[in-house]
1. Mind counting the residues in the range 345-367 that are open to solvent by less than 10 Å² (accessible area, probe 1.4 Å) and farther than 20 Å from L192 by Cβ?
2. Across the range 410-433, what is the total count of residues that are touching a strand residue (DSSP E or B) at 6+ places or on another chain (Cβ under 8 Å) and either free of Cβ contacts under 8 Å to residues at least 12 places away in the same chain or assigned to a loop (DSSP other than H, G, I, E, B) (or both)?
3. When the residues of the range 136-149 are narrowed to those that are modelled with pLDDT under 85 and in a helix (DSSP H, G or I), which ends up nearest to L2 (Cα to Cα)?
4. Within the range 233-277, how many residues are among the acidic types (D, E) and part of a strand (DSSP E or B)?
5. Quick one: would you say F157 is among the aromatic types (F, W, Y) and at pLDDT below 85?
6. Here's a check for you: in the range 351-374, which residue that is outside any strand (DSSP E or B) and touching a strand residue (DSSP E or B) at 6+ places or on another chain (Cβ under 6 Å) is farthest from Q454 (Cα to Cα)?
7. Looking at (1) surrounded by 20 or more Cβ atoms within 10 Å (Cβ to Cβ); (2) at pLDDT below 70, which is the one condition that is false for L210?
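The values are calculated or read from the model by the stated rules, or taken from the named source; none is laboratory data. Only a predicted model underlies this, so the values are computations on that prediction, with no experimental measurement involved. Note that each Cβ is placed from the backbone with ideal geometry, even for glycine, and that neighbours are counted across all protein chains shown. With ligands, DNA and RNA removed, areas are computed over all heavy atoms of the protein, side chains included. Shrake-Rupley method; radii C 1.70, N 1.55, O 1.52, S 1.80 Å.
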Amino acid sequence: ALRGDLEVLGSASKHARQLLGDEGKHINLGSVGGSDAIGSGGKRGMEKRVTNEFGDKAVAARNRSLEVFQAHRKKELMAELHEVERFAKRAKPVDLMALWLRTLAFEDLLGTQSSNKKGDYRVAEEGTSAALLCKRLQESFGLKPESDELASLRSGFEDKLHSTAQQLEQQPKKKKRRLIETGRNMTTRLDLATLFSAKDEASCARPIHLELCSGNGEWLCAQALRDPLACWVACELRYDRAARCFQRFALQGLAARDGNVGVIAGDARDALARRLKPGSCMHLFINHPEPPHQTDLETATAMPSAPAPAADDAVESPRVKKSHAKADARHAKGASAGQAAADTHLLTPSFLRDACGAVVRPGGTLTICTDSIEYGKWLLKTLAHPGFTNIFEDALLGTKANKNARLAKEGNIGLRAAPPPVQICGADYTGKAGASYFQRLKQSEKGSRGQEDQRYYICLRRCADVA
């Protein structure tokens, strides 16, 4: 659709409808036992119908949940198909060049390093980095090889990366090597504002809002359409989902040169800890993060909080690093297997402290939205640790919304069942703009397993850096 190949689109659309129709024949929401349909999306959609291992009542509830999920998945796919078909009927061409320039595969970006016999380290020239970025766009984002667009795009990436690479090359050899090895070099990091700045501009004046684990980009797309005065960037680990973000933005008319959306395809840990310039964004959002396994989460909730973070998240001295390592070792020694497993999810204490604390500028906010109250309480306990107080504070303190729907409190930080005001967090979690795939799935499940579709929020403000 985006490339204007309407003949192929018509054939693909017809085939998609046929596949979805055939799949629907295996879904029987009227029966208790359910069908043997496997489906193909999400963990439940990949499992066959449960047998009587846990008793007839548990079997019926589990099978009902599988059927609801499969029906929900089909409904979502049909909605996406309708979106593409409506776009095709408008027959309006899309210039993807500007959106490609705002799409980054961070695993291929800065920090590519090599060493020769003398042990000299170097960052790959910006031309090479631009070539790698373009290669990823060819693989996953519709860029045609050997096209006129390819040369222009590579030149555009070179311009954006030039000043960053040049700053590093000017460093003394020993310092440059140390900075590359530690991955903490500030001069090799990209300011997200450069993605939205014109060629003759040093930076974009609009605030940058970043969402981690964006999925198919629906929530961020709605926010970008609602608030065109801010720039919105989706960060997604899986390339198929990052490509879907890209497609959705283009289908919704956000691919223009003055568009306010961008895409990061890659690991959020790597992006925040090593790739993005500190203070790059005004508002950071993490919606429906994957919690640890439930049993591990219950164990982790009862464990002592993480060791206190450093007062300064700038480059650490060897002495401070050694001290942190000892503290982490003491904490790990006393932790149970459940705590160790819980630490494998994204929102670990170190990620919240070092990565999120670095990328959000002082005065900006971090908002976490989850549908698991147990996970919300675990995060609340982690973030309320005294070691975080010089990094984050509750953004709603001193406002009328402070006690609104507050369910739990640790220190001065609260977990709430009501979304934070848009004036504070920068996003609207109510109505159509706040809708998401996961929220609709919860609504579909309500009644099938007695589940609620409630969401829980932690909204934090980044404290001013300590001099």
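1. 1
2. 8
3. Per the stated criteria, the residue is S140.
4. 1
5. yes
6. By that ranking, first place goes to V359.
7. (2)
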